[in-house]
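Scroll down for the structure; my scribbles are underneath it.
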Amino acid sequence: MTRTVTITDNETGNKADFPVREAKEGSHGINIKTLHKELGMYTYDPGFLGTCSCASDITFIDGGKGILRYRGIPIEQLAEHSTFTEVCYLLLHGELPDSNQLDDFNHNITDHTLLHEGMRRFINGFNHDAHPMAMMVGSVGALSAFYPSASNVHDHGVQDKAAYRLLAKMPTIAAWSYKHSKGLPFIYPQNSLSYVENFLQMMFAFPTEDYTPDPLHVKALDLMLILHADHEQNASTSTVRLAGSSEANPYAAISAGISSLWGPSHGGANEKVIRMLTDITESDKTVQDYVELAKDKNSGVRLMGFGHRVYKNFDPRASLIRDMCHKLLKEMGGSSPLLDTAMELERIALEDDYFIERKLYPNVDFYSGIILRRLGIPLNMFTVIFAMARTVGWVSHWREMLRDDEFRIGRPRQVYEGSGMRDYVDISKR
Ligand code: ACO
């Protein structure tokens, strides 16, 4: 028998039963699709604190227990044994590939890394001081002008092609945005290199010199991409789903996701973490002063890289990346005043009642900025790298949504609290 939940309107006494959509793991969802028909009301949930927008097979998170799994496989195992492109295959297709499937997949991505020369001119048209995220939002949206056939969004072949193109072209767009902002020559993709090696060479190579990426840098960046590849219905993924639900071209939908990711409460956080750590390190403020400032609601200051909407005990990605952060700094040698500040901040905040009571722990972005910094990636490229990693998550959710039997345009409702009906007043009488 289908489990149901009864909702009663205490004023009218009207009640109705609603079926429960059973989750395989985690919380079930009450299917309130007929709520308005039955009780004449909608649910009210700003910020979607208690609302499931869809059912999904892709990623499972248990925020209380600090669990993150892609297609059932714990993030810790993927971080230790897998590579980013293998994780991409897993997220997109639901299973780990065998070696032939992985070779084909890598080949398909490599096949699409070049950008149309028109895109090169397009990127060159941006102001030299444009933020690379602004260039990325614009450039990915512009891909829809180069691939108009992608508008046939229900065609599975079109979906797969869009997935390959997006995964392949994001590193090229990212690196070229950086080169453009520096006035440096664009470096073309090299098909013989791995995904991460190729990105690093497009970022850091010069036409005049040989460049070989450091294997430790490649490993660290590959790990970062794995950890950021998907995170179920976060703001940017929900944006991609909502934009894509109108059957918009995938490049337009992903571009909407990049815009959402840009904000400091989401993907922009790691950039803000480094700015905060630099500010503390270079100012005469102590770490304790800064913690006090973050606790003062009137200051408008938050500890960047602390807290998470879903993880309320620890962020499993933070533990993995913290280890890599230390390994990288140890193997590369040299001191890091920023890391010293970060460790002191972590220690003080984790012992402070304000943070303990609110379950505010360092999230993945607290450490990812330190790693990127150490790899020589400039601050304004941090969110761009996050977007590169999350593209596979966005595309996987976009594909899943379009293949869902319950697919329809997303259209939330509202509780109207504005003026009642009133008459127009002529401008001369106002
Ligand atoms: N520093 C100080 N106080 C904080 C912080 C913080 N970083 N985060 C939350 N709080 C406080 C709030 O002021 C609030 O206090 P109150 O109960 O006394 O009013 C309480 O903790 C709950 O905060 P909310 O904003 O309701 O928590 P929410 O779940 O909505 O927000 C968010 C989560 C946006 C991540 C928040 O913790 C934050 O702004 N963190 C800093 C930005 C950041 O690191 N973002 C990266 C997220 S991870 C990612 O995108 C990969």
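The values are calculated or read from the model by the stated rules, or taken from the named source; none is laboratory data. All of these numbers come straight from a predicted model, not from anything done at the bench. Ideal geometry is used to build each Cβ from the backbone, glycine not excepted, and the neighbour counts take in all protein chains shown. These accessible areas exclude ligands, DNA and RNA; they are computed on the full protein's heavy atoms, side chains included. Shrake-Rupley method; radii C 1.70, N 1.55, O 1.52, S 1.80 Å.
Looking at the structure I just gave you, is Tyr367 outside any loop (DSSP other than H, G, I, E, B), hydroxyl-bearing (Ser, Thr, Tyr) and open to solvent by less than 30 Å² (accessible area, probe 1.4 Å)? Yes, satisfied. Could you go through region 262-272 and let me know if any residue there is within 16 Å of the ligand (Cβ to nearest atom), under 27 Å from His326 (Cβ atoms) and at pLDDT 90 or above. Among the residues of region 262-272, not one is within 16 Å of the ligand (Cβ to nearest atom), under 27 Å from His326 (Cβ atoms) and at pLDDT 90 or above, which makes the answer no. Hey, could you check region 249-261 for residues that are over 12 Å from the mean Cα position of the chain (by Cα) and open to solvent by less than 10 Å² (accessible area, probe 1.4 Å) and say which is nearest to the ligand (Cβ to nearest atom)? For region 249-261, the residue satisfying everything is Ala253.
Would you mind stating whether Leu216 is farther than 26 Å from Ala150 by Cα and modelled with pLDDT of 95 or more? In short, no. Cβ separations smaller than 8 Å between residues 6+ apart or across chains give the following pairs from region 308-320 residues that are more than 9 Å from the ligand (Cβ to nearest atom) and of a type outside the set (Phe, Trp, Tyr) to residues that are open to solvent by 10 Å² or more (accessible area, probe 1.4 Å) and assigned to a helix (DSSP H, G or I): Pro316/Glu76; Leu320/Glu76; Leu320/Ala79; Leu320/Leu223. Filtered by the rule that a residue be under 20 Å from the mean Cα position of the chain (by Cα) and hydroxyl-bearing (Ser, Thr, Tyr), region 127-175 gives Ser139, Tyr164, Thr172. If you check Asp230, Asp214 for being of a type outside the set (Ser, Thr, Tyr), under 16 Å from the mean Cα position of the chain (by Cα) and on the phi < 0 side of the Ramachandran plot, only one passes: Asp230.
Starting from residues that are away from the ligand (no atom under 16 Å from the Cβ) and not in a helix (DSSP H, G or I), keep the ones in region 335-364 and report whichever is least open to solvent (accessible area, probe 1.4 Å). Of everything passing the filter in region 335-364, Ser336 is least open to solvent (accessible area, probe 1.4 Å). In the set Pro213, Pro189, Pro185, only one residue is touching an Asp or Glu at 6+ places or on another chain (Cβ under 7 Å) and in a loop (DSSP other than H, G, I, E, B); that residue is Pro213. Taking every residue in region 377-394 that is open to solvent by 10 Å² or more (accessible area, probe 1.4 Å) and pairing it with any residue that is in a loop (DSSP other than H, G, I, E, B), at least 6 positions away or on another chain, the pairs with Cβ-Cβ distances below 6 Å are Asn380/His131; Phe386/His228; Phe386/Gly267. The single condition among (1) in a helix (DSSP H, G or I); (2) open to solvent by 10 Å² or more (accessible area, probe 1.4 Å) that Ser177 does not satisfy is (2). For region 1-90, give me every one of the strands (runs of 3 or more DSSP E) that falls completely inside it and has 2 or more residues that are surrounded by fewer than 15 Cβ atoms within 10 Å (Cβ to Cβ). Result: 4-8, 15-21. Filtering Asp404, Asp423 for residues that are among the acidic types (Asp, Glu) and open to solvent by less than 70 Å² (accessible area, probe 1.4 Å) leaves a single hit, Asp404. When Met332, Met304, Met276 are checked against the criterion of being open to solvent by 40 Å² or more (accessible area, probe 1.4 Å), at negative phi, at pLDDT below 95 and within 16 Å of the ligand (Cβ to nearest atom), a single residue qualifies: Met304.
Within region 336-358, residues that are farther than 18 Å from Ile274 by Cα reach partners that are modelled with pLDDT under 90 with beta carbons closer than 6 Å, at six or more positions or on different chains, in the pairs Phe355/Ala349. Among the residues of region 220-248, just one is charged (D, E, K, R), within 16 Å of the ligand (Cβ to nearest atom) and surrounded by 21 or more Cβ atoms within 10 Å (Cβ to Cβ), namely Asp230.
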